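Working notes, beginning with the structure itself.
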Amino acid sequence: MLSRREFFGVAAISLVQAQQKPDGARPTMVMPMHDDAYKPVTLPAKPGATASMTDEARDAVEHRIHCQCGCTLDVYTCRTTDFTCPVSPAMHKDVMQLVAGGYSADEIVRAFQGVYGDKVLMAPPRVGFNWAGYLTPFAALGVGAVVVATLISRWRRVVVDEPAPVVAVPGTPDEMRRLEDAIRRDDQS
Amino acid sequence: VILVGELSLWVALLVAAWATITSFAGGALRRTDLVASGERAIYATWAFVVLASAGLWTALITHDFSLRYVASFTSANLPFVYTLTAFWAGQAGSMLFWCLILSTYTAIAVFTNRHQNRVLMPYVAGTLGAITLFFLATMCFGQSPFERLDWIPADGRGLNPQLQNPGMAIHPPNLYLGYVATAVPFAFAIAALITRRLDGEWLAAVRRWSLVSWFFLTVGITLGMWWAYVELGWGGYWAWDPVENASLLPWLTGTAFLHSIMIQEKRGMLRKWNVTLVVTTFLLAILGTFITRSGVISSVHSFAQSPVGNWFAALLGICVAVTAYLVATRLKDLEANAELESMVSREAAFLYNNLLLVGIAFSVLWGTLFPILSEAVRGSKITVGPPFFNAVNVPLGLLLLGLTGVGPLIAWRRASVANLQRQFAVPVFGGVATLALLLASGMRQPSAVAAYALAGFVATTILQEFYKGIGARRRMHGESIPIAFVRLVARNRRRYGGYIVHAGVVILFCAFAGLAFKRENDVTLKAGESFQTTDPYGHQWRFVSEGLSVDTKLNRRIIAIGLKPTRDGKPMPLIESEKRQYFDSQNQDTFEPATVVGIQEGLRQDVYVVLAGVVNDDTAEVRITFNPLVWWVWYGGMIMAIGGLIVMWPQAGRRKESGYAAVMETAGVR
């Protein structure tokens, strides 16, 4: 049986080996880990700074920041999920230091954005070209709605212009009985 | 058998080429001998693909590590069931699996249409043969599952631990069954366009295939969500990952088609739109495959980057070009006598439903591709994650949910004010009462409140429909409620099966809205230490750590933590979470450590525990999450699938309509 220390030693070695394998031998379903993707995000503490937020609020900030290890998760989720990710714990430490330095949630996110660029945000900021991202689906839906409305009004005009011929069709006894039942029910209600 | 399998792949390639050429030629030249030859070649292609598949399965079972594929995805100590499922674990094997399903579907389509749709069938067989040919070519000239190594390793690398999960054993086959089934309606659409027979004939032939596709995609997506939830350990089931999105796209357009097909069946309208939807659904399935296999978009689910992605890009391009040409040259044939009496009618409701479903599909596709577009335009990378997709899709999803309740209440052709009042009174009351209850109970999250209120409205609509139907049967036939329910559904499978699907949708939305109340705790615990917190329902929980333990089993080393929880002081079952390091038969480690999540399941909420790390050898970093209503996602998915099954189940011996109904049927106004 392995000790915990041996287990983690083996895990670390296997991780390094996985990194060294040629591309063709990469396991499926696992993203390539970008160990060198971490960049320090540091700011001097504000004068007389105290921790600016609760743990819950700090976690919420980390949910807004994209881990740079190559996964698709945010920092909080990655660091509390991925056993082997070296990037999200480092980014978490930076968040902790900024919190201790008295920075607000938006200031912390902006600091990360300044170092990594927009890709560090879980969603593109609502500025400039990114508005195209947010608005295009609704614009497309609006265009679709106009097209549908136009088509319906055109089809309705056809109906108004050409009333459908009235055809007298004898009903079956069963249909006549159901019809009479329905009329009787309507009369009673 | 392995050699036979490898040779079969090449023979299948040649036979599929023959099937394609003779089928198209037979159709164009009206030569029945060529058409018959093409159909026989379709059956032969299927047989050779089965042989090739048997060859790969044999190689996997016998651990023939001289094959690169076997060495890459299995090891001698891999459990037997996962040795079998390794067939579709990698790129080349999954291509063969896709080909196996496609050739089987093709053979079934040709066989079941041997006495019908004879004008269309040469082109259907030709199109499906061409697609099969494409897949065989990717294996013969791209990545072959039978590629041999220069040397024979003592053992293989094993299967990724994340794939060693029952959900993963059955989730990919279901998705493939769904994806591939979109090819048959596509082939019929191409055949209808080529032959200019664009009336209802081809639609009748493809409806069941579209339902098959929809059913398997529904099951596959639900299983995929379940697998992600229990296996990946990040605490959710849907991350708007590009590969997840890729499976959702054909489902959305396929759902739109299953609604719009009713308008063409009943009113002869929407010919162009239905052709477009069928083609789009297939193209989105191919696009999804391209995304998964090209490496063009980052995803946790992607296969390793390979040149096969370029093949799919080419297939996509060819399909778009051919379809665009055919539609453009047949616009006149696609004209229909479109008439719509009112904007407030069932037909109009279906149009709004289609608009929303396609709108959501577009927004998902747009969000998936936006990082590429943004990088091309601005030169810098961005991340488009869940906050983006939620911001765009939640409002659209809520609109769609509302429409799910509105559609069944509106009459065909034209709804009168009296009809609307009578139909809407109870469901609107149901929605308003739900809203009042939620607000009175203090719920304030806008999207969750809206989702539950709309769910109340739609659920009441469905109940009202069943109540009326059952009531009518009881009055007419004097049946008991259970008998009336069963017969109502059995004799009106499309309608009431559809309502059951809607019920599943309502449950799904309620479960999705539960995420708004998720609570996460990130804690560090030594043996004997405890952590207290409150769940979303206000219950007090205390978790006591039983400490870390280390163990070795079959093909893995395990480090685990046990948490002893109490709820409001009452002891609850132990929750354990593990990290596993897998190794092969040579005791060599394979892959990265994998997570095994500890889940205490419940109808109201799951307690979800993940061992996230270990500090100083004796302290566990644990994430404890309360996930409300998650199990309703699986139930909702299952109910949807059951509804779909009811809708597509063959209805034998249906009574022929007579009298008024028969006349209206003949006039196309059923």
**Study point:** Residue in the stretch B:78-127 that is farthest from B:N165 (Cα to Cα), counting only those that are within 14 Å of another protein chain (Cβ to nearest Cβ) and over 21 Å from the mean Cα position of the chain (by Cα)
**Key:** B:A92
Point to revise | Enumeration of residues in the stretch A:127-140 that are assigned to a helix (DSSP H, G or I) and either charged (D, E, K, R) or within 30 Å of A:A60 (Cβ to Cβ) (or both) | key: A:N130, A:W131, A:A132, A:G133, A:Y134, A:L135, A:T136, A:P137, A:F138
Point to revise | Pair list, Cβ under 9 Å, 6 or more apart: the stretch B:442-457 residue surrounded by 19 or more Cβ atoms within 10 Å (Cβ to Cβ), other residue not charged (D, E, K, R) and not in a helix (DSSP H, G or I) | key: B:Y452/B:M443
Review point. B:R378 is checked against (1) at pLDDT below 95; (2) farther than 27 Å from A:R64 by Cβ and fails just one. What number does that condition carry?
Key: (2)
Review point. Quick one: in the stretch B:557-571, which of the residues that are among the charged types (D, E, K, R) and surrounded by 15 or more Cβ atoms within 10 Å (Cβ to Cβ) is nearest to B:L159 (Cα to Cα)?
Key: B:R557
Review point. When the residues of the stretch B:239-262 are filtered to those that are within 13 Å of another protein chain (Cβ to nearest Cβ) and small (G, A, S), which remaining residue is nearest to B:W273 (Cα to Cα)?
Key: B:S260
Exercise for review: Please state which of the following conditions B:A560 fails to meet, knowing it meets all the rest: (1) within 29 Å of the chain's Cα centre (by Cα); (2) at pLDDT 85 or above; (3) outside any loop (DSSP other than H, G, I, E, B).
Suggested key: (1)
Review point. Would a scan of the stretch B:32-41 turn up a residue that is polar (S, T, N, Q), more than 12 Å from B:P145 (Cβ to Cβ), free of Cβ contacts under 8 Å to residues at least 12 places away in the same chain and out of contact with any Leu (no Cβ under 6 Å at 6 or more places or on another chain)?
Key: yes
Review point. Which is touching a helix residue (DSSP H, G or I) at 6+ places or on another chain (Cβ under 7 Å) and assigned to a helix (DSSP H, G or I), of A:P89, A:P124?
Key: A:P89
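Taking the options B:L574, B:L554, B:L611, name whichever one is surrounded by fewer than 19 Cβ atoms within 10 Å (Cβ to Cβ) and at pLDDT below 95.
Working: B:L574 fails: at pLDDT below 95; B:L611 fails: surrounded by fewer than 19 Cβ atoms within 10 Å (Cβ to Cβ).
Exactly one residue qualifies, and that residue is B:L554.
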Check your understanding: From the residues in the stretch A:99-154 that are among the polar types (S, T, N, Q) and more than 21 Å from B:G385 (Cα to Cα), which one is nearest to the other protein chains (Cβ to nearest Cβ)?
Key -> A:S153
Review point. For the stretch B:627-645, does any single residue satisfy the condition of being assigned to a strand (DSSP E or B) and within 14 Å of chain A (Cβ to nearest Cβ)?
Key: yes
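Would you tally the residues in the stretch A:61-76 being more than 9 Å from chain B (Cβ to nearest Cβ) and in contact with a Leu (Cβ under 8 Å, 6 or more places away or on another chain)? Give the derivation first.
Quick first cut of the stretch A:61-76, residues more than 9 Å from chain B (Cβ to nearest Cβ) only: A:61-62, A:65, A:67-69, A:75.
Those still in the list that are in contact with a Leu (Cβ under 8 Å, 6 or more places away or on another chain) too: A:65, A:67.
Residues that pass the stated criteria total 2.
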Exercise for review: Go through the stretch B:581-612 and give me each residue that's at the interface with chain A (Cβ under 10 Å from one of its Cβ atoms), in contact with a helix residue (DSSP H, G or I) (Cβ under 8 Å, 6 or more places away or on another chain) and part of a strand (DSSP E or B).
Suggested key: B:Q581, B:Y582, B:D589, B:T590, B:F591, B:E592, B:P593, B:A594, B:T595, B:A612
Review point. If A:D106 passes every condition in (1) assigned to a helix (DSSP H, G or I); (2) crowded, with 19+ Cβ neighbours inside 10 Å but one, which one does it miss?
Key: (2)
Point to revise | Residues within the stretch B:317-343 that are hydrophobic (A, V, I, L, M, F, W, C) and either out of contact with any helix residue (DSSP H, G or I) (no Cβ under 7 Å at 6 or more places or on another chain) or within 8 Å of chain A (Cβ to nearest Cβ) (or both), tallied | key: 9
Exercise for review: Six or more apart or on different chains, Cβ under 7 Å: which pairs go from a residue in the stretch A:77-89 that's facing chain B (nearest Cβ under 7 Å) to one that's of a type in the set (F, W, Y)? Could you list them?
Suggested key: A:T77/B:W234; A:T81/B:W234
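The values are calculated or read from the model by the stated rules, or taken from the named source; none is laboratory data. Everything quoted here is computed from the prediction, not taken from an experiment. Using ideal geometry, Cβ is built from the backbone for each residue, glycine included, and neighbour counts are taken over all protein chains shown.
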